[in-house]
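Here's the structure we're looking at; comments come further down.
The values are calculated or read from the model by the stated rules, or taken from the named source; none is laboratory data. Just so it is clear, the model here is predicted, and its values are computed rather than measured. Quick reminder, even Gly has a Cβ in these numbers, built from the backbone with ideal geometry, and neighbours come from all protein chains shown.
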Amino acid sequence: MIWRVLHQIGKTGIRTEAAPDIGEVAQAEASHIQRELLDILGQALSIRQVDAGSCNGCELEINALGNPYYNIEGLGIKFVASPRHADLLLVTGPVSRNMQMALQRTYDATPEPKLVVAVGDCACDGGIFGESYASCGQVSNVIPVDVVVGGCPPEPVEILRAILKAVRRRVQATP
């Protein structure tokens, strides 16, 4: 059996698709955003991502931030497991009734100054789910939101822009 598989692999070779071309402009803009974030903060930015009931489309785009094109971790932006270590909350999805208390507790556990970015149409305005018996709707119905990123799902560069916008607001608000 294994010989048949190895023979097939040898006969067909490696079949993979080429890496996507995000364009030099988008890649340069992502690098610029990351450098500016690091210049503003002077340290690493710790992000806690919270899925409040999404379809995982936004999570795929957030996950793309860690790939070699965006490489946010290489420039000091990292995702953390605990809200106690986070500077910023990245929230996706309409807030389901089952996640309402968990999201509130996560927000309460995040140290001051807290930043919240709502990612995707569902987090911004409830999306196709809106408010119902099962959904609280937009994130701002449960916790204060600093910046929203529209799109279903938004591109990784848009998410980076929103993170930069939130950090700029924090710096401007700090005396």
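Here are the numbers for this structure:
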| quantity | calculated |
| --- | --- |
| Residue satisfying condition, being under 16 Å from Arg161 (Cα atoms) and of a type in the set (Val, Ile, Thr), within set Val95, Val119 | Val119 |
| Considering residues of region 132-163 that are assigned to a strand (DSSP E or B), touching a Lys or Arg at 6+ places or on another chain (Cβ under 9 Å) and without any contact (Cβ under 8 Å) to a residue 60 or more places away in the chain only, the residue nearest to Glu59 (Cα to Cα) | Val149 |
| Given (1) of a type outside the set (Asp, Glu); (2) in contact with a Ser or Thr (Cβ under 9 Å, 6 or more places away or on another chain); (3) within 17 Å of Lys114 (Cα to Cα), number of the condition Val95 does not satisfy | (3) |
| Qualifying residue in region 127-143 (condition: touching a helix residue (DSSP H, G or I) at 6+ places or on another chain (Cβ under 8 Å), farther than 17 Å from Cys55 by Cα and surrounded by fewer than 22 Cβ atoms within 10 Å (Cβ to Cβ)) | yes |
| Entirely in region 43-112, the strands (runs of 3 or more DSSP E) that have 2 or more residues that are of a type outside the set (Phe, Trp, Tyr) and buried (at least 18 other Cβ atoms within 10 Å of the Cβ) | 45-51, 88-92 |
| Test: residue in region 103-116 that is of a type in the set (Gly, Ala, Ser) and under 18 Å from the mean Cα position of the chain (by Cα) | no |
| Test: residue in region 80-89 that is modelled with pLDDT of 90 or more, hydrophobic (A, V, I, L, M, F, W, C) and more than 16 Å from the chain's Cα centre (by Cα) | no |
